[in-house]
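This report concerns only the one structure given below.
Every read-out reported here was derived from the displayed coordinates using simple, explicitly stated rules and does not represent laboratory data. If you're wondering where the values come from, they're calculated on a predicted model, not measured in any experiment. Cβ coordinates were reconstructed from backbone atoms using ideal geometry, including for glycine residues, and neighbour counts include every protein chain displayed.
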Number of protein chains: 2
Amino acid sequence: MHISATRFSAKDAHRRVTINDVAEALGLTKSTVSRAMNGYSDISQTTQLRVRRMAETMNYMPLSHAQAIKTGRTRSLGLVLQLSDHDAQRPFLAEFLAGLSAGASAENWTLTVAASDSDDDMIRTFQSLLRDGKADGFVLPRTMNDDPRVKLLREADVPFVMFGRQDDADGCAWFDILGEDAMRDAVLHLASLGHERIGFVNGAMQYNYAPLRDAGFRDGMAQAGLTVDQALIAEDAVTIEDGKRVGSLLLDHPEPPTAIVCAVDFAALGIYHAAAERGLSIPQELSVIAYDGIPEGVHAHPPLTTYAVDNRNAGMRLATLLIRRIRGEDLVNLRETAKANFIDRGSTGPAVTRP
Amino acid sequence: MHISATRFSAKDAHRRVTINDVAEALGLTKSTVSRAMNGYSDISQTTQLRVRRMAETMNYMPLSHAQAIKTGRTRSLGLVLQLSDHDAQRPFLAEFLAGLSAGASAENWTLTVAASDSDDDMIRTFQSLLRDGKADGFVLPRTMNDDPRVKLLREADVPFVMFGRQDDADGCAWFDILGEDAMRDAVLHLASLGHERIGFVNGAMQYNYAPLRDAGFRDGMAQAGLTVDQALIAEDAVTIEDGKRVGSLLLDHPEPPTAIVCAVDFAALGIYHAAAERGLSIPQELSVIAYDGIPEGVHAHPPLTTYAVDNRNAGMRLATLLIRRIRGEDLVNLRETAKANFIDRGSTGPAVTRP
DNA sequence: CCTATTGCCGAAACCGGTTTCGGAAATCAG
DNA sequence: CTGATTTCCGAAACCGGTTTCGGCAATAGG
């Protein structure tokens, strides 16, 4: 793989082709070229075509900084990571970033990433990125029920797109995975295997996926004609430890569940531990089915049956939606959902009555 | 946490204070202010001070895009993620990004992130980021022995800083963790516990950390007066599966090791599995000591003794070094190392002779 | 005291775009 | 054929900075 250093170097480099070059090549002025490139109606169709074609062949691409100083927009998406919940987003981050990057660069946009370790810091980060024109809008990962970011950006009328959904949808574009469908299907899957006492371990309740998944679980139970026992429902389990803790509670119940649905893979892995401690084998004596699709699930014993989220695609869609949002497209067209993919790895099995 | 929407909005917003505002406030021209801000010697010390102070009180900060159009530099660091080895960098990514972001924003720089899925794509990504002035230089995570990125950027004379070290150091700034010291200390630690047959499981040989860690291991063995048995040395183990595989090989050796040093935590977790399969308990019958400090190590049974890398700090240092590099500082001052932190969690113990 | 430096700053061009404004040519109405 | 509109583009200002150039005043040198 050899690449000649010419055309590449930062300094000598064949000078970028500018709008003046294009204008000169066409015998037009740069103002005409500019308006043609931006599709102004006071430039004739023929000229627009000529300009665009010439730009294409000369490989002209307006310098975003030069545009930015007048327009204030720089063709870049902002992402502010919150370290407070880094544990939760760590496993998905690389794929997610890759998707965002792909979605952005497909439209010749870029991705500016910053991190913040407190809420105050986060706000300052948003502000300075905006102030300095480093981001034209933001992707908000892991949105919460009463998300300060949403409130802030909405009030300030700054474009953003959420990874998640909100009932109060004014001014919001979003992409989300239908976690509720996954939870419902998980219940139906277990019910079809004969399970009747099914537990549910939800994730962190402050995020807006949690109520949805809870509803999905209950919906599934209802569809299967099963009754929900509140004693078999736990919340806020997002780590292996959490899962182990609440798993122990559920399994020590006088009438323990024969199957457990988890809103989060990590919690399921914790339940594996709780089950192992009690000598319960999966899936023979306990079925577990979860959600996320973390790689660790593949190597668990038994491998974890789960609803996997395509985080790369999520990033890609979010980037695309945000760009369209910034371009001023109508909000109602900027709401998408996708389904999680069921991956049956064998951690569920037919229900057996425990002695 | 309430933040008034004023001063914040993207559109109305109190107009940014520009260089003209500062000039006017001081009764100077903007050219003088510009040169004062940039420390030109043809501006008197008194004036420089006046300007700087006024800029401070007016909260003036030059708009990087406006500067960029003339200077070509935009105060932003580039990071190109390679998806091919995402598995390896995933666990560290969030912390690493946080460090980069912190280091960058401390100097009022930003971080532009892109992803590439092939080598060709990677090169194009570098090129377009440079061409569009989206990055003034690059951070290269996980450098390899014969790294195409290094070759490319060096030839093109684009500033970069490596996370790693190279023997061929011309034109390279770097930050690296002294993995070799960790490996040596690991051996000495084990030797002090009475171990004599010590195995070594190295990581991916194409990265330049691998030869270093190998050397560190051998150095430790020599210092401890122990002989290295080639049969107890394995390479290219970076995942749990890899570790399980090579761990099996080592443990099935007629004269198996009583302790194993791993260059990578994940491999150590694989060795846990191999040991479990053979009924070997850790640390009673086998000592394991590794390197990285992944969170999973905390939850292993027993918790994994390891040399932990502070990836947040690494990111911070790399950002700082790269900024100084871009500012033209001499390369020889831009090479730093740090030590990994020994965390004894109990996966090593005194050597016992196996039956 | 007069000239040659030097120190210090203003004026103006420039960077690569966008946008306002005005006017020439072409079309339309009468 | 003339006057009023349109259509379409050029001229020039502008955005927020940087950089070149030149000149004035103060200093140094003779």
_Connecting C-alpha atoms closer than 10 Å in a GNM of chain B, tell me which of B:Ile260, B:Ile69, B:Ile282 has the biggest fluctuation._
B:Ile69
*With chain A treated as a Gaussian network of Cα nodes joined by springs under 10 Å, which of A:Thr337, A:Thr227, A:Thr57 yields the largest mean-square fluctuation?*
A:Thr57
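Enter the mean number of other protein chain beta carbons within 10 Å of the beta carbon of each residue in B:237-245, as an integer.
Values: counts 0, 0, 2, 4, 2, 0, 0, 1, 0.
Rounded to a whole number, the mean comes out at 1.
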*Kindly put B:Val238, B:Val298 in sequence by how many other C-beta atoms sit within 10 Å of each C-beta, fewest to most.*
B:Val298, B:Val238
_Over chain A, with a Gaussian network built from C-alpha contacts below 10 Å, which listed residue (A:Ala25, A:Ala314, A:Ala222) shows the highest mean-square fluctuation?_
A:Ala25
_Teacher prompt: B:Ser281 distances to equivalent labels in other copies, 7 Å Cα→Cβ, nm_ = 2.3
_Can you show me the helix-derived [θ] at 222 nm for chain A, built from DSSP H runs with n ≥ 4 at -39,500 (n - 2.57) apiece and divided by the number of residues, rounded to the nearest 500._
-13500 deg cm²/dmol
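Name the shape class, rounded, prolate or oblate, that the alpha-carbon gyration tensor gives for the stretch B:19-62, where a ≥ b ≥ c are the square roots of its eigenvalues, rounded holds for a/c under 1.5, and otherwise prolate holds if a/b is larger than b/c and oblate otherwise. Write out the running numbers ahead of the final one.
Values: a/c = 1.57, a/b = 1.40, b/c = 1.12.
Prolate.
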_Across B:Lys70/B:Lys151; A:Lys134/A:Lys339; B:Lys70/B:Lys134, pairs whose alpha-carbon gap is larger than 24 Å_ = B:Lys70/B:Lys151; A:Lys134/A:Lys339
*Read phi for every residue in the stretch A:69-74 and hand back ³J(HN,Hα) as whole Hz from Karplus 6.51 cos²θ - 1.76 cosθ + 1.60, θ = phi - 60°, with x for Gly and Pro.*
5, 9, 8, x, 10, 10
_What does the structure give for A:91-99 when I average, per residue, the other chain Cβ atoms found within 10 Å of the residue Cβ?_
6
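Exposure proxy check: A:Cys172, B:Cys262 ranked by fewest other beta carbons within 10 Å? Write down the numbers at each step before the final one.
Working: A:Cys172 22, B:Cys262 31.
With the fewest neighbours first, A:Cys172, B:Cys262 line up as A:Cys172, B:Cys262.
Residues of A:148-161, mean number of Cβ from any other protein chain within 10 Å of their own Cβ, rounded to a whole number?
Mean partner shielding for this stretch: 3.
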*Given H placed 1.01 Å from N in the peptide plane, which residues other than close sequence neighbours of A:Phe200 have an amide H under 5 Å from its amide H?*
A:Ile233, A:Ala234, A:Val261
_Please list, in order along the stretch B:211-228, the HN-Hα scalar couplings obtained from phi with the Karplus expression 6.51 cos²θ - 1.76 cosθ + 1.60 (θ = phi - 60°), rounded to whole Hz, x for Gly and Pro._
x, 5, 5, 4, 4, x, 4, 5, 4, x, 4, 5, 4, 7, x, 9, 9, 8
_Label spacing, shortest first and in nm, from B:Asp229 to its equivalents in the remaining copies (7 angstrom along Cα→Cβ)_ = 5.4
*Sequence-distant or interchain residues sharing an amide H contact under 5 Å with A:Thr337, placed H: which?*
A:Asp176
*Estimated vicinal HN-Hα couplings, Hz - the stretch A:91-105 in sequence order (Karplus 6.51, -1.76, 1.60; Gly, Pro = x)*: x, 9, 4, 4, 4, 4, 4, 4, x, 4, 4, 5, x, 5, 6
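According to the square roots a ≥ b ≥ c of the eigenvalues of the Cα gyration tensor, what is the shape class of the stretch B:45-142, taking rounded for a/c under 1.5, prolate for a/b larger than b/c otherwise, and oblate for the remainder? Intermediate results must be reported in sequence, preceding the final value.
Details: a/c = 4.26, a/b = 1.97, b/c = 2.16.
Oblate shape, in that a/c is at least 1.5 and b/c is the bigger or equal ratio.
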*asked:* Distances in nm, one decimal, shortest first, from B:Val332 to the same residue in every other copy, taking the label point 7 angstrom along Cα→Cβ.
replied: 6.9
*asked:* Nearest 10 degrees is fine. How inclined is helix A:45-58 to the longest principal axis of chain A, computing both from alpha carbons?
replied: 80
*Return the long-range amide H neighbours of B:Phe160 (sequence gap of 5 or more, or a different chain), with a cut-off of under 5 Å between placed amide H atoms.*
B:Phe138, B:Ala173
*Once all Cα-Cα distances of chain B are split into 10 Å bins that start at 0, what whole-number percent is in each one?*
5, 21, 25, 19, 14, 8, 6, 2, 0
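How would the protein assembly as shown be classified by its alpha-carbon gyration tensor: rounded, prolate or oblate, with rounded meaning a/c under 1.5 and the a/b versus b/c comparison settling the rest? Each step should come with its number before you reach the end.
Details: a/c = 2.17, a/b = 1.35, b/c = 1.61.
The shape class here is oblate.
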